[in-house]
Amino acid sequence: MRFSLPQIRHSYSSFETLAYLYTQTREYILDDIEIYMGETDWFDADMCAAFGAILYSLGRRLNEVSLIGIPQRVERILSKNGFLSHYGRARIPDQYDTTIAYRRFDVEDDHYFANYIESELIYRSEIPEMSPALLKKFRESIFEIFSNAVLHSKTDLGIFSCGQFFPNRNRLDFTVADLGVGILQNIKENIKEYAELKLSPEKAIAWATEEFNTTKRGKLPGGLGLKILCDFIDLNGGCIQIVSDAGYWQRRNYKIVTKRLSHPFPGTVVSVEINTADQHSYSLASELTPEDIF
């Protein structure tokens with residue numbers, strides 16, 4: 001079977017495309033699948049996390065996956081971040097250090113993920129200046145995305161991550177994807193008040209992002225890490241996107257937009273966009289002194 005892939009950007013329409021690809025291929029077993037990328041004239045490299053998750057699930061069902069017709073500039077960037085090394089291409093050096101490497105982690109690889117974000121993301125020079133205390137919270141927020149995938153997704157296929165710095169657009173994107181049960185299903189299975197909540201896929205994401213809502217049992221409410229991340233992104237002028245099941249949620253400039261995908265995505269994707277043109281220096285409110293305030 002052969003499927004054509006259009007351009008892939010850090011956007012709702014591209015999540016629609018990838019969810020459609022999953023829907024079209026999810027029943028295939030022991031087949032040869034070609035993904036034709038001749039029309040993929042642009043690929044935001046952080047989207048390799050979601051794309052790679054889908055292709056990995058195809059491989060686990062013993063399909064042979066081939067990526068063909070890749071335009072040269074797309075092939076170059078996807079070779080620099082290591083994505084195409086999984087599909088027969090050699091990895092090439094990233095002399096300008098714009099990529100955050102494509103990785104797949106098993107659910108027990110929390111230590112490796114922590115080292116990964118430490119070496120690949122947290123101390124990048126493009127990230128706005130933060131106090132040590134806020135930087136620690138920022139690190140914990142990113143790690144919580146991985147932890148939530150481990151705790152809630154019930155995936156046995158792993159967790160996928162990738163990122164990219166776009167100097168011309170003053171953007172640093174970082175995305176984490178899993179192929180688990182998704183947010184709506186997790187709420188159905190763990191929240192006894194689910195029937196009263198009457199949640200659609202997109203409303204389920206919105207519910208899960210509220211500070212004190214959680215599906216963790218026997219633990220303190222979760223969500224603090226995501227709240228700090230959202231607060232920072234609001235001030236920074238960046239964006240957070242979450243896709244799960246057929247739901248799409250975006251937060252940008254203090255505003256939340258939700259939409260429905262035409263086809264469900266198998267699991268959850270959390271994508272963070274940081275505005276690297278931001279020249280402000282950030283700290284936690286608890287660190288401020290009266291002199292700072294005035």
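Taking a 1.4 Å probe, which of I187, I228 shows the most accessible area, and what order do the others take after it? Present the calculation step by step, with values, prior to reporting the outcome.
Values: I187 0, I228 35 Å².
Result, largest first: I228, I187.
Suppose every K and R has +1 on its Cβ and every D and E has -1 on its Cβ; what is the size of the dipole of segment 2-278 about the Cα centre, in Debye to the nearest 20?
Numbers: 32 positive and 37 negative charges, 78 e Å.
Roughly 380 debye for segment 2-278.
Before anything else, pin down the relative contact order of the chain: Cα pairs under 8 Å, at least 6 apart, normalised by residue count, whole percent.
Working: 575 pairs, mean separation 53.7, N = 294.
Once normalised by length, the contact order is 18 percent.
As a test question: what accessible area, to the nearest 10 Å², does Y20 have when a 1.4 Å probe is rolled over all protein chains in place?
We get 110 Å² for Y20.
Rounded to two decimals, what is the ratio between the C-alpha radius of gyration of segment 39-113 and 2.2 N^0.38 Å? Please list the in-between numbers first.
Values: Rg = 13.0 Å, N = 75, 2.2 N^0.38 = 11.3 Å.
Normalised by 2.2 N^0.38 Å, the Cα Rg of segment 39-113 equals 1.14.
Rounded, prolate or oblate, given the Cα gyration tensor of segment 91-132, with a/c below 1.5 counting as rounded?
On the way: a/c = 3.51, a/b = 1.13, b/c = 3.11.
Oblate, because a/c is 1.5 or more while a/b does not exceed b/c.
What percent does the relative contact order of segment 1-126 come to when contacts are Cα pairs within less than 8 Å and at least six residues apart?
Worked out over segment 1-126, it gives 22 percent.
Taking loop as defined by DSSP and a crowding limit of 15 other beta carbons within 10 Å, which GluC sites (Glu not before Pro) in segment 1-72 fit? Don't skip to the answer; put the middle values down first.
Numbers: sites: E16, E27, E34, E39, E64; in loops: E27, E39.
Counting only loop positions with at most 15 other Cβ atoms within 10 Å, the GluC sites (Glu not before Pro) in segment 1-72 are E27, E39.
So what's the back-of-envelope 222 nm ellipticity for the chain, counting only DSSP H runs of four-plus at -39500 (n - 2.57) apiece and dividing by all residues, rounded to 500?
Details: 10 runs with 103 residues, N = 294.
Taking each H run of at least 4 residues, the total per residue is -10500 deg cm²/dmol.
Just how much of M1 is accessible, in Å², when a 1.4 Å probe is used and the result is rounded to the nearest 10?
Looks like 110 Å² after rounding.
Put W207, W42 in order of accessible area, largest first, 1.4 Å probe: what do you get? Please report the intermediate quantities before stating the final value.
On the way: W207 35, W42 65 Å².
Of W207, W42, the descending order of accessible area is W42, W207.
In whole percent, how big is the carbon plus sulfur part of the accessible area of the chain, probe 1.4 Å, protein atoms only? List each step's numbers first, then the result.
Details: 7170 of 14080 Å².
C and S atoms contribute 51 percent here.
In Å², and per residue, what accessible area does segment 1-96 have when probed at 1.4 Å with the other protein chains present? Display every interim value, and only then the final one.
Working: 4570 Å² over 96 residues.
Normalised by residue count, the accessible surface of segment 1-96 is 48 Å².
The values are calculated or read from the model by the stated rules, or taken from the named source; none is laboratory data. This structure is a prediction, so every number in the text was calculated from the model and none was measured. Every residue, glycine among them, receives a Cβ derived from its backbone with ideal geometry; neighbour counts consider all protein chains shown. Each accessible area value is taken on the protein alone, full model and side chains, heavy atoms only, with ligands, DNA and RNA left out. Shrake-Rupley method; radii C 1.70, N 1.55, O 1.52, S 1.80 Å.
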